[in-house]
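*Asks:* Encoded as structure tokens, here's the structure I'll be asking about.
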Ligand SMILES: C[S@@+](CC[C@H](N)C(=O)[O-])C[C@H]1O[C@@H](n2cnc3c(N)ncnc32)[C@H](O)[C@@H]1O
């Protein structure tokens with residue numbers, strides 16, 4: 001059984017929690033600008049985990065200011081990059097950043113969460129989440145929802161700042177090992193198998209929805 005709580009050590013507190021876990025108001029907008037400045041390298045690393053083929057549909061969970069949505073829509077052959085994030089401030093920032101891609105139908109940042117995407121079954125070839133799994137309202141529940149929206153054979157990538165990243169800021173908020181173990185076990189429970197990647201900026205986990213199309217059973 002996988003526990004459904006992150007360790008207290010990994011949970012941001014005070015201003016960090018307000019600014020980054022659920023960005024709102026002026027502080028949230030400021031946090032969004034800081035995130036955008038600091039997330040280019042991590043976004044490129046996360047994109048490298050996805051084997052995007054022409055016409056693929058991608059979902060990004062917790063897109064923040066929209067850096068990865070823009071990168072995926074502009075630098076891969078994906079047909080469309082949809083996003084869910086619960087923060088209206090982040091949705092507005094992502095809409096501005098991705099205005100050109102939204103007009104051409106290649107990007108679609110929406111309001112939603114990992115546990116409640118409001119998206120159709122089997123609608124995506126790839127789901128990616130960067131720097132937000134610790135904020136989900138239940139990791140197993142979020143993974144079950146993401147498995148539901150993945151088509152059979154579709155791929156999941158869940159990543160978080162690495163504790164060995166180059167910058168002191170990244171290391172300070174990096175994923176503690178006990179949470180890495182918990183996330184890896186939870187993905188294994190829901191997807192059957194999981195691979196860990198220790199990258200320069202990110203600790204990441206990838207998995208694939210099994211080819212058979214059945215829904216998740218057994219809670
Ligand atoms: C630290 S920011 C990361 C943003 C972006 N992925 C990046 O790496 O720059 C965390 C984001 O997760 C979003 N978030 C918080 N709770 C969430 C949830 N339950 N489901 C999906 N996203 C969530 C926040 O609104 C915020 O935009």
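*Asks:* Cut-off 10 angstrom, C-alpha nodes, Gaussian network model of the chain. Which of 52, 61, 81 fluctuates the most?
*Replies:* Comparing 52, 61, 81 in a Gaussian network model of the chain, the most mobile one is 52.
*Asks:* Quick one: of the DSSP bridges fully inside region 122-212, what percent are antiparallel, nearest 5?
*Replies:* 65
*Asks:* On the Cα set of region 141-219, report Rg and Dmax in Å, please.
*Replies:* 13.8, 44
*Asks:* Before rounding to the nearest 500, sum -39500 (n - 2.57) across all DSSP H runs of length at least 4 in the chain and divide by the residue total; then give [θ] at 222 nm in deg cm²/dmol.
*Replies:* That calculation yields -10000 deg cm²/dmol at 222 nm.
*Asks:* How would you order 162-173, 37-48 from highest to lowest mean count of nearby Cβ atoms within 10 Å?
*Replies:* Answer by packing, highest mean first, reads 37-48, 162-173.
*Asks:* Another question, if that's okay. Treating region 86-214 as a set of equal point scatterers at the Cα positions, no solvent, please give the Debye-formula log₁₀ I(q)/I(0) at q = 0.11, 0.17, 0.19 Å⁻¹.
*Replies:* At q = 0.11, 0.17, 0.19 Å⁻¹ the computed log10 ratios are -0.42, -0.98, -1.15.
*Asks:* Now for a separate question. Could you give me the radius of gyration and the Dmax of region 39-137, taking only the C-alpha atoms into account and expressing both in angstrom?
*Replies:* Both quantities, over Cα of region 39-137: 12.0, 33 Å.
*Asks:* Right, here's the next one. Using Cα centres only, tell me the gap between region 158-219 and region 20-68 in whole Å.
*Replies:* 17
*Asks:* Let me ask something additional. Could you tell me the convex hull volume per residue, in Å³, taken over the Cα atoms of the chain?
*Replies:* 107
Only the coordinates and a few stated rules stand behind these numbers; no lab work does. Bear in mind that the values here come from a model prediction, so they are computed numbers and not experimental data. Because the Cβ atoms are built from the backbone with ideal geometry, glycine has one as well, and the counts that use them run over all protein chains shown.
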